[in-house]
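Quick notes on the structure that follows.
Values quoted throughout were computed directly from the atomic coordinates according to the rules given, and no laboratory measurement underlies them. Quick caveat: nothing in here was measured; it's all calculated off a predicted structure. Heads up, the Cβs are rebuilt from the backbone with ideal geometry, glycines too, and the neighbour counts pull from every protein chain shown.
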Amino acid sequence: MAAAPDNGNDAGGGAEQRGQSRRDEILTVARDLFHRKGYANTSLDDIAGAVGIKREGIYYYFENRVQILITIIKPLGELLRDSLAGILETDAPPVEKLRLAVENHLMRFERRFAESKITLRDDYFSENEAVLAEMGPIWDAYEVLWTRLIREGQQAGAFNDALDPRLAYYGILGMCNWVARWYEPGKPPSVPDLVEQYYALIAGGLIKGGR
């Protein structure tokens with residue numbers, strides 16, 4: 001990221017603070033445009049126009065459109081991964097860890113819906129090496145954590161040990177991620193209701209003896 005221009009009239013951290021404010025504004029506008037139009041259909045010119053600056057002004061803060069995208073979606077991926085890691089380190093029984101893991105995954109649609117939909121809707125992971133380099137390790141680690149949760153539940157005798165942990169994870173993730181295709185914030189069902197419904201479905205197939 002290039003340094004924001006300094007006109008020499010600012011005292012203290014005034015210029016830096018305004019630069020951060022502008023950077024945050026660019027991210028907010030880009031997030032809304034990516035959410036509404038899709039990443040593939042949003043150009044730097046679109047972002048600059050919505051912010052009210054020239055396209056060149058964006059380059060003071062971001063190298064390119066991909067860097068803006070990564071800055072928007074990476075924190076949510078890290079949060080999901082780190083929260084799941086925290087769940088696994090608790091002393092909760094496997095069944096409770098499963099419920100907490102489902103809740104962790106689905107509640108992002110209530111707390112960070114735009115970022116969640118951007119992450120799941122557009123097919124840019126397989127096409128852009130920069131995105132893959134940043135996000136691939138996060139999602140790989142998330143998969144490892146989920147499969148560990150399932151395997152530990154099997155070893156404890158709580159989960160069906162006939163299931164392949166990795167395939168079970170793919171099934172759970174596919175079902176939960178599909179929410180991005182149809183969920184509308186503010187309309188029923190609420191995300192907490194989704195957590196209960198989806199947990200019941202997942203538990204019915206994974207837990208020995210059902211829920």
Just the ratio, please: alpha-carbon radius of gyration of the range 131-211 over 2.2 N^0.38 Å, N its number of residues. 1.24
Note on the chain: contact order normalised by length, alpha-carbon pairs under 8 Å, 6 or more apart, percent, works out to 21
Rounded to the nearest 20 Debye, what is the dipole magnitude of the range 22-93 about its Cα centre when Lys and Arg each give +1 and Asp and Glu each give -1 at the C-beta? 380
Nitroxide proxy distance, nm - points 7 Å out along Cα→Cβ at THR90 and ARG55: 4.9
Between ARG148 and ALA180, what is the spin-label point distance in nm, taking each point 7 Å from the Cα along the Cα→C-beta axis? 2.4
Could you pull out every residue, at least 5 positions away or on a different chain, whose amide H is within less than 5 Å of the one on PHE159? Hs are placed 1.01 Å off N in the peptide plane, and Pro or chain starts have none. GLN154, LYS208
Note to self: C-alpha centroids of the range 73-124 and the range 126-203 sit apart, in Å, by 8
Kindly point out which whole DSSP H helices in the chain project their C-alpha atoms 20 angstrom or further along the helix axis while averaging a Kyte-Doolittle hydropathy of -1.0 or above. 65-88, 129-155, 191-206
Taking +1 at the Cβ of each Lys and Arg and -1 at the Cβ of each Asp and Glu, which of PRO75, TRP139, LEU173 sits farthest along the dipole of the chain towards its positive end, judged by Cα position relative to the Cα centre? LEU173
Taking all pairs of distinct alpha-carbon atoms in the range 65-171, Kirkwood radius in angstrom: 14.8
Dipole moment magnitude, nearest 20 debye, the range 14-58 about Cα centre, only Lys, Arg, Asp, Glu C-beta charged: 40
Stokes-Einstein diffusion coefficient for the range 14-58 at 4 °C in a medium of 1.567 mPa s, Rh from the Kirkwood formula over Cα pairs: what value in µm²/s? 121
Rounded to the nearest 0.05, FRET efficiency between ALA133 and LYS208 (Cβ-Cβ, R0 41 Å) equals 0.55
Log10 I(q)/I(0) at q = 0.16, 0.21 Å⁻¹ for the range 143-189, from Debye over equal alpha-carbon scatterers, is -0.53, -0.70
At 1.567 mPa s and 4 °C, Stokes D of the chain from Kirkwood alpha-carbon radius, µm² per second: 67
Which order do peptides 85-92, 154-161, 57-64 fall in by mean Cβ count within 10 Å, highest first? 57-64, 154-161, 85-92
Can you compute the charge dipole magnitude of the chain about its Cα centre, using +1 on each Lys and Arg Cβ and -1 on each Asp and Glu Cβ, nothing else charged? Give it in debye, rounded to the nearest 20. 520
